Amino acid sequence: MMLKNILILFTFFITTNLASQKNKHVLYGEKAIYYQPLENEFGLFFDKNGDIYSNDIIKKTDLIAHKSSLKEFYKQNPARFLAISKKYNLEFITYSDENFSVFQDSIAVKNIRKINKFQENSSLFILIHGFRKSFVKRTRSTTSIEDYAYLKKGILNVQKDTTKTKFLEIYWDGMFDSFFGEEKSPLKEILKLYEKEAQQNAKQTGYALRKIVSKIDTKQYHIITHSLGAQVGICLLTNAYANTIDKHITKLKTPSQNKINVFMIAPAMSSEPFKEYYNRETNLNFEENDNYFLSVIYNKKDIVLRKKIFIFGPGPKKYGNTTLGCNHKNEIGVLEDLFTNNYKNSFLKTYSTTENKDHRIKNYIKTKNFKNYILEISN
């Protein structure tokens, strides 16, 4: 009896420990089950390292067991790697990191072909979500799929002609933890998750996106980011945060299409990364004729970016700098001065909104300036 009680107690402690180490990564190995895009939608999926998911199903539990990393999963499951890589006409005899890189390039090439066929003769919007977006509904927090649904509806409701509008949806590991229900965590723990892990995942994804976005065969498209998605966007477009990324990744070509409209909604960052705005991997003479057209909408009242309620909270400079999106101490002015003094031939337009304190995308799309922006780029 005593042995039985000890075993029960031991099992309890193990179970409790595992529960306390809950997975906070957003995994897309089972995306084929949950993601059913419409004709005007195309999804790209990335893990925490910026590696692209194939269309094959990998169980969530298997990814968790391998550090939520595609590379680690395939390394420990070489037979599975060889089987899946054959679908991309790759005849490997074993797993190696070099072979994994070739495999990733092959997935990128296949997606580029599909995207170019998908977006032909269209008005393409590339959508990039922010922090704490689960893929499958877990709590009352909105998922990335729900956020994109709000954003697409906001765009389509403003446009006069929607027949050519198409959406390339970027799903990345923005991490997830909850303020609500049984899964809830302390605020400080969630802030640390943002600072220590989600920001790095954003940077990895941004650089990795260059493999595909730079090869889109069109003269013009639109990029819309929300919150931490801005850091994905700035790494796609420039060599910002390059000291945090493997050097060979920073040499990937930045987009060079004729006109790229970039709209950062409530960017969760400071103006500091924009000091690298002209640090790009391209042959374009962008200093004379810039192909990037940047617009930013900010909100001094945004409660998430301010990280403060009345006098309570750490403020926007701690746990990851978010001063730009809430214009803390005139951070928008710092950005504007940077463009005026250093990037005289580059376009920047800023929009202010104070219509509410809510950080969620579904509230920003209701603002007058969001609607004005969509009208401007649609004409």
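The values are calculated or read from the model by the stated rules, or taken from the named source; none is laboratory data. The model shown is predicted, which means the values in this text are computed figures rather than measured ones. Methodologically, a virtual Cβ is constructed for each residue, glycine included, from the backbone with ideal geometry; neighbour enumeration extends over all protein chains shown. Just so you know, the surface numbers come from the protein's heavy atoms only, side chains and all, with ligands and any DNA or RNA stripped out. Shrake-Rupley method; radii C 1.70, N 1.55, O 1.52, S 1.80 Å.
Within the range 32-51, residues that are more than 20 Å from residue 205 (Cβ to Cβ) have Cβ atoms under 6 Å from residues that are among the charged types (D, E, K, R) and open to solvent by 20 Å² or more (accessible area, probe 1.4 Å) in these pairs: 40/166, counting only partners at least 6 apart in sequence or on another chain. The set of residues in the range 111-134 being farther than 25 Å from residue 368 by Cβ, of a type in the set (Phe, Trp, Tyr) and buried (at least 21 other Cβ atoms within 10 Å of the Cβ) consists of 131 alone. Filtering the range 296-312 to residues that are assigned to a strand (DSSP E or B) and buried (at least 21 other Cβ atoms within 10 Å of the Cβ) leaves 296, 297, 298. For the range 325-355, which positions are open to solvent by 50 Å² or more (accessible area, probe 1.4 Å) and either in a loop (DSSP other than H, G, I, E, B) or of a type in the set (Asp, Glu) (or both)? Listed by number, the residues that qualify are 336, 337, 344, 345, 354, 355.
One line per residue, one yes/no per condition, for (1) β-branched (Val, Ile, Thr); (2) surrounded by 17 or more Cβ atoms within 10 Å (Cβ to Cβ); (3) over 21 Å from the mean Cα position of the chain (by Cα); (4) not in a helix (DSSP H, G or I):
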site: 284; (1), (2), (3), (4): no, no, yes, yes
site: 293; (1), (2), (3), (4): no, yes, no, yes
site: 314; (1), (2), (3), (4): no, no, yes, yes
site: 323; (1), (2), (3), (4): yes, yes, no, yes
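When residue 148 is tested against (1) open to solvent by less than 10 Å² (accessible area, probe 1.4 Å); (2) out of contact with any strand residue (DSSP E or B) (no Cβ under 7 Å at 6 or more places or on another chain), just one condition goes unmet, and that condition is (2).
I'm checking my understanding of the structure. Among residues of the range 129-160 that are β-branched (Val, Ile, Thr) and at pLDDT below 95, which one is farthest from residue 44 (Cα to Cα)? Walk me through how you get there before you give the answer.
To start, the set of residues in the range 129-160 that are β-branched (Val, Ile, Thr) comprises 136, 139, 142-143, 145, 155, 158.
Cutting the leftovers down to at pLDDT below 95 gives us 136, 139, 142.
On the way: 136: 16, 139: 24, 142: 19 Å.
Out of the qualifying residues, it is 139.
Taken over the range 175-216, residues that are within 30 Å of residue 253 (Cβ to Cβ), of a type outside the set (S, T, N, Q), open to solvent by less than 40 Å² (accessible area, probe 1.4 Å) and not in a loop (DSSP other than H, G, I, E, B) amount to 11. As a summary of the residue check, residue 278 satisfies the conditions (1) open to solvent by 10 Å² or more (accessible area, probe 1.4 Å); (2) at pLDDT below 95 except for the one numbered (2). Is the range 87-110 home to any residue that is of a type in the set (A, V, I, L, M) and in contact (Cβ under 8 Å) with a residue 60 or more places away in the chain? Yes, the range 87-110 contains a residue that is of a type in the set (A, V, I, L, M) and in contact (Cβ under 8 Å) with a residue 60 or more places away in the chain. Condition test on residue 28, is it within 20 Å of the chain's Cα centre (by Cα), open to solvent by 100 Å² or more (accessible area, probe 1.4 Å) and either modelled with pLDDT of 90 or more or under 21 Å from residue 136 (Cβ atoms) (or both)? Spelling it out, it is not the case that residue 28 is within 20 Å of the chain's Cα centre (by Cα), open to solvent by 100 Å² or more (accessible area, probe 1.4 Å) and either modelled with pLDDT of 90 or more or under 21 Å from residue 136 (Cβ atoms) (or both). Figure legend. Inter-residue proximity from the range 153-174: first residues part of a strand (DSSP E or B), second residues open to solvent by 50 Å² or more (accessible area, probe 1.4 Å), beta-carbon distance below 7 Å, spacing 6+ or different chains. Indicated pairs: 165/156.
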